[in-house]
Amino acid sequence: MKGFVSTVGVFLLSASTLGAASGGAGPVRRPLSGARYQTLCGLAAYLDRTAQGALEGAADDARHGTSREARFLSSIRAFAQSTADFHRRIDAYPAASFDVAPVVEGLGDGARKIDGRIREVHALPSTYDEWEGVIDVLQRMRVLLDGGDVEVPAAYIVPVLSGAALEQFRRLSHDLDLSTASAHATARRDVRRYERGQQFLGELTYFAAQSRDLHLRADAGGVDPQLMGPIVDRLLEEARLADRRMRDARTFAGVWDDSGRTITILERMASLVRS
């Protein structure tokens, strides 16, 4: 994976609106939203991908190197898992917010420690570029969380959808809107038949609104996988959870077909916006 972070140039995800949201100076306030959140999603994805690259490079070096190099694998593997977990938590942030700054600080401390140890003994040289990228992107996150403008490295920039892929995504967003609206209408009709009907109706109401918003956004302009991907992934995760819980509770049997259709649609949408 050497060279993954060596691509020259960066793409600016404008955070110029952040100053207005935070008073123009000093640390920004949580919760993250808008341009700040979208930029952090790109940085988290880049961090995850780069850390996985460091792990792959380390494993390859260790296979062809010495036991001295192999002894670093467990700590690198643990770090890569931590970045993957962080990436998932950032994608799910709108539904489950948390204090991001301490996590970023902890990841930064861990990255600098590993980088320092392997360089001190001249081990795993093919991963040095990745560790520079990891440390750099974590520093960018700190700047972002403090209210600054940041850039997502160009190595992770994904082109917006166009042509057949764009049209397919828009058709799927339309189908998603119809599917969730149908599920919601059925639930409203049958709500009194189930003990937990009101609870699940509230969830379906929320989900139908989120799907409608996604449909409107897809039709309104370009579809950027880097920004739309986390939204689709979050909806897919929520749809699977809601479907499983309704079936386990034997509630809204009339909704189950629409629920399964919704999951299939979201899976197809996710495949279009994942790099």
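The values are calculated or read from the model by the stated rules, or taken from the named source; none is laboratory data. This is a predicted model, so every value here is computed, not measured. No Cβ is skipped: glycine too gets one built from the backbone with ideal geometry, and neighbour counts run over all protein chains shown. All accessible areas refer to the heavy atoms of the entire protein, side chains included, with ligands and DNA or RNA removed. Shrake-Rupley method; radii C 1.70, N 1.55, O 1.52, S 1.80 Å.
If we keep just the residues of the range 102-125 that are open to solvent by 40 Å² or more (accessible area, probe 1.4 Å) and within 24 Å of the chain's Cα centre (by Cα), which is farthest from Ile76 (Cα to Cα)? Among those that are open to solvent by 40 Å² or more (accessible area, probe 1.4 Å) and within 24 Å of the chain's Cα centre (by Cα), it is Pro102. Take the conditions (1) among the polar types (S, T, N, Q); (2) closer than 30 Å to Arg112 by Cα; (3) modelled with pLDDT under 90; Gln139 misses just one of them, which is (3). Residues of the range 191-211 that are of a type in the set (S, T, N, Q) and open to solvent by 30 Å² or more (accessible area, probe 1.4 Å): Gln198, Gln199, Thr205, Gln210. The single condition among (1) farther than 22 Å from Cys41 by Cα; (2) of a type outside the set (Gly, Ala, Ser); (3) open to solvent by less than 60 Å² (accessible area, probe 1.4 Å) that Leu214 does not satisfy is (1).
Residue count for the range 217-232 satisfying the condition of being under 19 Å from Leu178 (Cα atoms) and open to solvent by 10 Å² or more (accessible area, probe 1.4 Å): 4. Considering only residues in the range 149-190 that are open to solvent by less than 20 Å² (accessible area, probe 1.4 Å) and more than 19 Å from Leu266 (Cβ to Cβ), the one that is modelled with the highest pLDDT turns out to be Asp190.
Just to be sure, is Glu130 open to solvent by less than 20 Å² (accessible area, probe 1.4 Å) and acidic (Asp, Glu)?
Values: open to solvent by less than 20 Å² (accessible area, probe 1.4 Å): yes; acidic (Asp, Glu): yes.
Yes; evaluated as a whole, the condition is true for this residue.
Restricting to the range 163-207, and then to whatever is of a type in the set (S, T, N, Q) and in contact with a His (Cβ under 8 Å, 6 or more places away or on another chain), can you tell me which residue is farthest from Phe252 (Cα to Cα)? Residue satisfying both the conditions and the ranking: Ser173.
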